[in-house]
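*Asks:* Before anything else, here's the structure in question.
Bear in mind these aren't lab numbers, they're just calculated from the coordinates by the rules spelled out. The structure displayed is predicted, hence computed values, not measured ones. Cβ: placed from backbone, ideal geometry, glycine included. Neighbour counts: every protein chain shown.
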Amino acid sequence: MAAQHSDFWILERKNRRQTAILIAVFVVLFGALGFGLDVLFDNVEFFNGTIVGFPILTLFALLIGGVQSVASFYGGSSLVLASVHARALKPDEEPKHQMVLDVIREMATAAAMPVPKGYIINDPAPNAFATGRDPAHAVICVTQGLIDQMDREEMQGVIGHEMAHVRDYDTRTMMMIAVLIGGIAMLADFAWRWAWFSGGFRSRRERQGQGNSGDTGAVIGLAIVILTAVAPFFSQLLAMAVSRQREYLADAGSVEFTRNPNALLRALGRIAETESPLRDASRGTAHMFIVNPLEGANEDQESFFANLLSTHPPLARRIARLRAMSGQGAPAAAPGAA
């Protein structure tokens, strides 16, 4: 047991380092987009291989990135909950709401952590996610569909999975990524709109025939085009890669807390039978849910590119791993694999 706890401390430190690296990558993207805007606005120009001017928009973009990093750390959970129209669970509204709160308390006790707050999304699709910068400020959110379709044992499996994300500080990383993706998309969209209304990715001097080097302008313009197109996509890929790696760990954490592999196994099997995307989900928050809220349960393609562009591992593979944990072996066709 001591060795197991040591492993989790190692995982937490690793997650902290990964969070710092991810933030650094996003800040670089902010700075690069800001520099591209400086070129467009002629704040920075290239003369004889040297850079002339003051990169005010680069500094502004870096400031936005820094502010968003701090804001996402301290207030990201509120932004995420608001974006999916979540509200606090109230046991006096429905008896099963109390059951969810009781299960959250049980799983917190099993994990030896503070009890997260419980929230609900009024949506018939069965799903859940956790958010918060640390266990003391964690929130676990479930959908009405999950409450309606899961029995207590299955709910324990799902809540245990989300509690594992809280314990491993995955919630902080994924929450900050969700907010920073929005900032990257905003800057990239601004650059595209400026290019559309100003006649292309060229500086004002070049559009007026005053540029000193058409080749330099063409290279810079091409770089800005590529950057504005790739930055949002690249930030999404980062979120997807991080999310896929941590879903398996959270599944194992659920088994640890519930002492029952069948709890999450049954829950994922039930979710696999439902092909209902979440109404209020977005690409910026999809990586936070227990299953992809945009595509329902149809995430079972095993190809390299299908996995690369998915926020979650194939659901059939997760079910097969849980079957192996429970001693049932890997089935020929896990639920939802068809």
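*Asks:* Report, to two decimal places, the Cα Rg of the stretch 37-104 normalised by 2.2 N^0.38 Å (N = number of residues).
*Replies:* 2.14
*Asks:* Still on this model: Which of T143, T50, T58 comes first, and how do the rest follow, when ranked by fewest Cβ neighbours within 10 Å?
*Replies:* With the fewest neighbours first, T143, T50, T58 line up as T50, T58, T143.
*Asks:* On a full-extension model of 0.36 nm per residue, what is the gain between E93 and S326, subtracting their alpha-carbon distance, rounded to one decimal in nm?
*Replies:* Here the segment from E93 to S326 would lengthen by 80.3 nm.
*Asks:* Tell me the label-point distance for the pair R105, L63, using the 7 Å Cα-to-Cβ offset, in nm and rounded to one decimal.
*Replies:* Inter-label distance under the simple model: 4.8 nm.
*Asks:* Then there is this: Considering the Cα trace of the stretch 79-176, what is its radius of gyration and what is Dmax, both in angstroms?
*Replies:* 12.2, 34
*Asks:* Please arrange L59, L315 by how many other C-beta atoms lie within 10 Å of their C-beta, fewest to most.
*Replies:* If I rank by nearby Cβ atoms, fewest first, I get L59, L315.
*Asks:* Follow-up. For the pair L294/L237, report the inter-label distance in nm, with labels modelled 7 Å from Cα in the Cβ direction.
*Replies:* 1.5 nm
*Asks:* Run the numbers for V115 and R259: contour at 0.36 nm per residue of separation, minus the present Cα-Cα distance, in nm.
*Replies:* 49.9 nm
*Asks:* Return H312, H85, H287, H97 ranked ascending by Cβ neighbour count within 10 Å, so the fewest neighbours appear first.
*Replies:* Fewest-to-most ranking of H312, H85, H287, H97: H85, H97, H312, H287.
*Asks:* Another question, then. Please say if the stretch 65-124 is rounded, prolate or oblate, where rounded means a/c under 1.5 for a ≥ b ≥ c the square roots of the C-alpha gyration tensor eigenvalues, and otherwise the choice is prolate for a/b larger than b/c and oblate otherwise?
*Replies:* oblate
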